[in-house]
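A short worksheet on the structure shown next.
Read-outs throughout are calculated quantities, based only on the coordinates presented, and are distinct from any laboratory measurement. Only a predicted model underlies this, so the values are computations on that prediction, with no experimental measurement involved. Neighbour counts run over all protein chains shown; Cβ positions are idealised from the backbone, glycine included.
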Amino acid sequence: MRKYSKNLLTLDVKDQKIFVELFKNGRAPYSTISKNTHMSKDAVRYRFDKLIKEGLMTNITTIIDINKLGWSSSLVFFKFMNLDKIKIKQFISYLVESPFVVELLEFAGSWDFAARFQHKDPIHLNQIINKLEGNFPYLIDNYSIFFISESIFLPYNVLFENDAFQFSPVKIQPYKIDDFDLKILTAISTDGRKSLAQLEEELKENRMTIYYRMKKMMKSGLIQHFRPNMFTEKLGLHWYMVKIKLSQRSDEKINSLINRLKNFKQTNHILLGFGAADIIFYTQVKVVQELQEIIYMLREDFSDEIKSIEFDNTINDYKWDFFPKGFLKEIGR
C-alpha cells in the first residue's frame, strides 16, 4: 500500500540511470544494466537492492493486456454516503482480496475510491458490482464507470533529469496462447523479474521454452511491459488522476490530445474509453501548481475540444496487479 512519507528520498544520477533501464525493460539482466549505465555489475545490484530496501520500489510488475485474452477492464469510481472507518476497512479488504480487482486507489477529491475491475463482459461487471453493493449497502452512495478501451503506459520521465524517453511502437504479431502461456503469466504477474532458472524450477519446463514463449507473448502485445512498481511518494511526488470529457469525440481530436499528454514529463499512464470520461491520465507532480499548469495548457490548446476536466488526488494505493486471479477460474483452467 502506498502512503506519503515524511522522510523523503532523493535519486542521484546513477539511480536515475538504473531506473531508465528498468523502465525500458524490467527484466534486463544486471550485466546489461551495468553496460548501459557504465557501472559495475556489483554496484548495480547493490543500488537495486537498496532501492527496494528503502521502499521506493517493491518489484517489477508485468503489464498484461487483458483484452488480448478476450476480457475487458473498467475503472469504477465510488462515493460513500458516510465515512464509517470500520466499513471502509472492510470495503478495502474485500476489493484487495477480490479476484477481479487489479487496482484499488483511495482519493481526496470528488470521489472516495476507484477500483479497476477486469471482467468477461458488462454483464459480468454488473454482477460483480451488484455483489459489492449487497455487501456494503449503507456505505456506497453512488458509482460511475469508465470502460477502458486502451491503456498507454509511459516512462516515469519526471524522475529523469537528462534521460527522458518514449517507448518505441511495437509491431503486433498474432499469437494464440495455450495453457502453458497462462501458467507463465500467472508466475510472473506479480514478479516480472523472476529469473528463467526460477521459472524453470517453478513451472517444471525447460527455461529456453519459457524464454521463447515470453518473447512471443511480448511480440503479440499480450505482455506490454515489465516495469518497476514504485512508491514515488517517497520522492515527494503527488499522484493525481485527471478525467477529461470531450465536447465531441473524434479519432483526430483524441490522438492530438494523447500526443500532447505524452509531451508532459509528469504523465505516466493514459487510459482511453467511454462512460465517466473519454480520456483519463495519471500524473505525478511535486506541487499542485504543476498540475494546474498542465490543466491550463490543455484548456488553452484544446479549448474547443475539452468539455470538462476533473481530478482527484490519490492518497493511497492498495493494489496493483494486471492478471486477475479470477480469470483462470472463470475460463475453467
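The loop-placed trypsin sites (Lys or Arg not before Pro) in segment 180-245, going by DSSP, that have at most 15 neighbouring Cβ atoms within 10 Å of their Cβ come out as Lys204. Shown in residue order for segment 307-316 are the 3J(HN,Hα) couplings computed by the Karplus curve 6.51 cos²θ - 1.76 cosθ + 1.60 at θ = phi - 60°: 8, 7, 9, 10, 9, 10, 8, 7, 9, 8 Hz (x for Gly and Pro). On the beta carbon distance between Asn82 and Asp42, with R0 = 41 Å, the FRET formula returns roughly 0.15.
Between Tyr94 and Gln289, take the C-beta separation as r, use R0 = 51 Å, and let me know the FRET efficiency to the nearest 0.05.
With R0 = 51 Å, the Cβ-Cβ based efficiency is 0.85.
Between Lys14 and Ile123, the simple label model (points 7 Å from Cα in the Cβ direction) yields a spacing of 5.9 nm. Evaluating 6.51 cos²θ - 1.76 cosθ + 1.60 at θ = phi - 60° for every residue in segment 236-241, the Karplus couplings come out as x, 8, 10, 9, 10, 10 Hz, glycine and proline recorded as x. Taking a threshold of 28 Å on the Cα-Cα distance, which of the pairs Lys24/Lys171; Lys85/Lys319; Lys87/Lys325; Lys253/Lys329; Lys87/Lys194 fall above it? Those over the limit are Lys253/Lys329; Lys87/Lys194. What number comes out for the charge environment of Phe48, summing +1 per Lys or Arg and -1 per Asp or Glu over other residues with Cβ under 13 Å away? Combined, the nearby Lys, Arg, Asp and Glu give +4.
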